[in-house]
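Please treat every number below as a calculation from the coordinates, not as lab data. This is a predicted model, so every value here is computed, not measured. So basically every Cβ, Gly included, is an ideal-geometry build from the backbone, and we count neighbours across all protein chains shown.
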Amino acid sequence: MLDLKRQYEPLHQELLAAIEQVLKTQQFTLGPAVAAFERSGAAQLGVAHGVGCSSGTDALWLALAAAEIGPGKAVVTTPFSFFASVSAILRVGARAILADIDPVTFNLDAGAVERVLDSAAGAQVKAVLPVHLFGQCCFLPFGRARGLTLIEDAAQAWGAEWKGVKAGALGDIAAFSFYATKNLSAAGEAGLVTTNSDALAERVRMLRSHGMRRRYYHDELGWNARMDGFQGAVLSVKLKYIDGWNQARRAAAARYHELFVNAGLAESGPYPLHGVVLPLEIEGAHHIWHQFVIRTSKRDALREFLADRKIGSEVYYPVPLHLQGALKQLGYNEGDFPEAERAAREVLALPMFAELRADEQETVVTAIAEFLS
Ligand SMILES: *Cc1c(COP(=O)(O)O)cnc(C)c1O
């Protein structure tokens, strides 16, 4: 599914030297290595500020808290994402309102969001939190016209673009994760908040360090959500290669498409019949293929068949967020978001990483062809 050792081996010497530099300075929390990554990361995304933090989950929490989202306010987001997209909203004390997804992109459906905004609950909504799921930007055409704060969950989308603008620079503020499975990964837990606003960046810096602007003078209830020096050093090295890795993912996605089409397995969708529905790059998007997610009506049996042949696959995500035990408080029921529920039953992510080889992809598609016949 993902072989991180193939990325590590050629970078071995460079990473050791970067880590040794942190050891020499003995600056383990923030420090020059983190500051350097914040600058070069923000520059690569074309955004004014990057603020390093301890995880993608904390990046979401910091972005929401900096934007003063809290009790009495509501945020609209998707039921088809990783848990943190919703839990971060609840952590700041705000209400999370969900809207269904588009079955082609798996991202928030703009029409469904507008229906929430026009409903009775709409008046309470102060922010929208789109998730750029699987590496394709979620663009909401009404944007800021409705006076809402746009908070991007860009955890899966380093390098993705919408009409030439990079994820992380599309909204008011954005959150990235560098967890091991992400397309840009640290050597442990790390995240980044990006924004073009000087005021928001200043608030994120204050909040990630216990609400301190001056040492031991606490202006607000912040938290310890700082980035490690080691993580900054590792990320600065990998930042030089990420464009190439994303290009390699795009080539691998194109190869999967060709293999499935040539095998006669590709269906036009959005829902699968007897074959597989392939993921698409929509007009305006520059997809970085964080995941390559197919749809099939026999998902669980296919996953077992592949596992028997030692072929990795993964289900992102088997349970939509409104049906999670921990989120019963949202007050939703089965049937409330039929697209998200159907996607949760049909999606299967296939092996996808920059170093994935063509022969391995052929093995995957051949096995799927065998299963379907
Ligand atoms: C990974 C992920 C997060 C959380 O990031 P962590 O670094 O694991 O805390 C949030 N949202 C999405 C969409 C993610 O994929």
Discussion item. How much of the DSSP bridge set in the stretch 243-372 is antiparallel, in percent, rounded to the nearest 5?
Written reply: 75
Response to the item:
Label model pair Val104, Gln7: point-to-point distance (7 angstrom along the Cα→beta-carbon line) in nm is 3.0
Practice prompt. Compute the distance in nm between two label points, each set 7 Å from the Cα along the Cα-to-Cβ direction, one at Phe83 and one at Lys328.
Written response: 1.6
Discussion item. With the crude spin-label approximation of a point 7 Å out along Cα→Cβ, what separation in nm comes out for Glu14 versus Thr29?
Written reply: 3.1
Practice prompt. Report the dimensions of the stretch 4-240 along its three principal axes from the alpha-carbon atoms, largest first, rounded to Å.
Written response: 58, 45, 27
Fill in: Full-extension gain in nm, Arg309 to Gln124, via 0.36 nm per residue minus C-alpha separation
61.5 nm
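What's the FRET efficiency of Ala43 with Ser297 using the Cβ-Cβ distance as r and R₀ = 51 Å, to the nearest 0.05?
0.65
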Item to complete: Give the Rg/Rh ratio for the stretch 243-372, taking Rg as the radius of gyration of the Cα atoms and Rh as the Kirkwood radius, to two decimals.
Response: 1.00
Worksheet, complete the sentence: Around His132 (Cβ within 9 Å, Cβ-to-Cβ, excluding His132; K/R +1, D/E -1) the net charge comes to -2
Worksheet item: Just for the chain, what percent of DSSP beta bridges are antiparallel, to the closest 5?
Response: 60
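Only Lys, Arg, Asp and Glu count, each charged at its Cβ (+1, +1, -1, -1), so figure out the dipole size of the stretch 276-359 about its Cα centre, rounded to 20 debye.
Numbers: 10 positive and 13 negative charges, 51 e Å.
Here the size comes out at about 240 debye.
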Practice prompt. Could you let me know the centre-to-centre spacing of the stretch 315-373 and the stretch 120-188, using Cα atoms, in angstrom?
Written response: 21
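Taking the Cα centre of the stretch 4-240 as the origin, how large is its charge dipole in debye, to the nearest 20, when only Lys and Arg (+1) and Asp and Glu (-1) carry charge on their Cβ atoms?
400
What does the highest-first list of 149-159, 88-98 look like by mean Cβ count within 10 Å? Please list the in-between numbers first.
Numbers: 149-159: 27.1, 88-98: 20.9.
Going from most to least packed, we get 149-159, 88-98.
Within 10 Å, count the other beta carbons around each residue, average over each peptide in 333-345, 8-20, and list them highest first. Mind dumping the intermediate values first?
Values: 333-345: 17.1, 8-20: 12.5.
Descending mean neighbour count gives 333-345, 8-20.
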Worksheet item: Taking only DSSP H segments of four or more residues, each worth -39500 (n - 2.57), what value at 222 nm results for the chain once the sum is divided by all its residues, to the nearest 500 deg cm²/dmol?
Response: -11500 deg cm²/dmol
